[in-house]
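Have a look at the structure below, then the notes.
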Amino acid sequence: MRVLISGSSGLIGSSLVASLRVDGHDVRVLVRRPSNVASEVTWQPQLGANGVDDALRDAVSTSDAIVNLAGAGVAEKRWDQAYKDTILNSRVFATTCLATAIAQADSKPSAFVSGSAGGYYGDTGPEAVDEFAPRGNTFLAQVADAWERAAAPAAQAGVRVTHPRTGTVADPDGGAFGRLLPLLRSGAGGSLGSGRQWWSLISLRDEVAAIRHLIDHPNIAGPVNFSAPQQATNADVTKALAKALNRPSIIAAPRFAVRTLLGEFAEELFIDQRMAPAKLLATGFRFSDPTIADIVAGLVNG
């Protein structure tokens with residue numbers, strides 16, 4: 001199988017590329033710089049539909065599946081209006097570019113896995129939501145909605161489109177836990193505020209396996225929640241990690257302090273985001289790390 005991937009240098013993308021190549025698949029990656037090897041294809045995602053050229057159209061036409069993970073990091077910088085625009089536009093323009101290329105391609109891929117996020121639901125409350133829950137009202141909910149809508153040209157051209165609405169990816173070497181684990185190892189980490197807010201975690205290996213599940217299963221379309229079957233509160237996760245590391249976790253970070261440090265993004269850390277992986281389970285996906293204990297073990301020992 002030949003797979004074309006955007007966002008291949010990120011935490012999820014690099015792991016997905018490695019996983020597919022180990023199994024013998026032909027993987028090509030989209031890059032913004034001039035390509036150095038045959039497996040790289042140069043593209044201009046910032047141009048949206050105007051970024052479709054012969055090279056991209058050819059790459060799409062000769063691919064069995066396309067995975068779109070492009071987008072600026074949500075937590076990389078303090079949010080101001082300019083960076084919020086970057087978060088939104090980097091996703092919408094890249095998706096529009098790929099979806100337009102798919103619509104224009106003479107031979108179309110069988111699957112377009114185009115990223116989204118659990119932030120689509122905003123504040124879910126304490127009950128886990130499935131893929132039929134309505135969109136939330138937060139900034140990230142608006143981003144996720146626009147991100148998904150940008151893939152419409154591919155769906156309208158008859159290509160099966162899926163949107164992995166990813167929760168917090170748990171990996172010791174990157175993402176949120178790449179920052180949290182060093183604090184906990186030093187004994188300086190604790191819950192965020194009361195810690196009663198719900199988190200939806202998924203291990204990196206389950207994230208990669210679930211993306212491959214979407215590629216391989218022709219009966220799956222639309223949004224798909226990427227979260228372990230067992231969810232937990234922020235306090236539960238923090239305590240479990242601290243116990244596994246044999247470190248205290250008694251210093252809670254007050255909301256005002258987190259807001260001072262992170263700005264508007266901090267508010268996303270204090271709302272409930274609890275998702276049930278209904279579609280994954282209904283289509284036979286088997287989690288390697290279905291519980292918080294499994295995820296914590298992977299973080300500490302991985």
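The values are calculated or read from the model by the stated rules, or taken from the named source; none is laboratory data. Only a predicted model underlies this, so the values are computations on that prediction, with no experimental measurement involved. All Cβ positions, glycine included, derive from the backbone under ideal geometry; neighbour counts span all protein chains shown.
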Can you find a residue that is farther than 21 Å from SER116 by Cα, out of contact with any Ser or Thr (no Cβ under 8 Å at 6 or more places or on another chain) and part of a helix (DSSP H, G or I) anywhere in segment 273-295? yes
Note on segment 211-228: residues in contact (Cβ under 8 Å) with a residue 60 or more places away in the chain and surrounded by fewer than 23 Cβ atoms within 10 Å (Cβ to Cβ) are ARG212, HIS213, HIS217, PRO218, ASN219, ILE220, ALA221, GLY222, PRO223
Here's a check for you: in segment 137-196, which residue that is crowded, with 18+ Cβ neighbours inside 10 Å and of a type in the set (Lys, Arg) is farthest from THR86 (Cα to Cα)? ARG160
With respect to the numbered conditions (1) farther than 21 Å from ALA253 by Cβ; (2) in a helix (DSSP H, G or I); (3) in contact with a helix residue (DSSP H, G or I) (Cβ under 6 Å, 6 or more places away or on another chain), which one is the sole condition not fulfilled by GLN230? (2)
Select, from ALA18, ALA38, the only residue that is modelled with pLDDT under 95, over 26 Å from GLN142 (Cβ atoms) and surrounded by fewer than 20 Cβ atoms within 10 Å (Cβ to Cβ). ALA38
Out of (1) aliphatic (A, V, I, L, M); (2) surrounded by fewer than 17 Cβ atoms within 10 Å (Cβ to Cβ); (3) within 19 Å of GLY190 (Cβ to Cβ); (4) in contact (Cβ under 8 Å) with a residue 40 or more places away in the chain, the odd one out for ALA257 is which? (4)
Consider PHE112 against the criteria (1) crowded, with 21+ Cβ neighbours inside 10 Å; (2) aromatic (Phe, Trp, Tyr); (3) more than 19 Å from THR166 (Cα to Cα): it satisfies all of them except one. Which criterion is unmet? (3)
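Table: residues versus (1) exposed (fewer than 14 other Cβ atoms within 10 Å of the Cβ); (2) within 20 Å of ASN89 (Cα to Cα); (3) in contact (Cβ under 8 Å) with a residue 40 or more places away in the chain; (4) small (Gly, Ala, Ser).
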| position | (1), (2), (3), (4) |
| --- | --- |
| SER14 | no, no, no, yes |
| LEU30 | no, yes, yes, no |
| PRO34 | yes, no, no, no |
| ARG57 | no, no, yes, no |
| ASP64 | no, no, yes, no |
| ALA72 | no, yes, no, yes |
Can you tell which of ASP236, ASP272, ASP289, ASP206 is among the acidic types (Asp, Glu), touching a helix residue (DSSP H, G or I) at 6+ places or on another chain (Cβ under 6 Å) and either buried (at least 20 other Cβ atoms within 10 Å of the Cβ) or at pLDDT below 95 (or both)? ASP289
Residues of segment 103-129 satisfying the condition of being part of a helix (DSSP H, G or I) and either farther than 18 Å from LEU201 by Cα or of a type in the set (Ser, Thr, Tyr) (or both): ALA103, GLN104, TYR120, TYR121
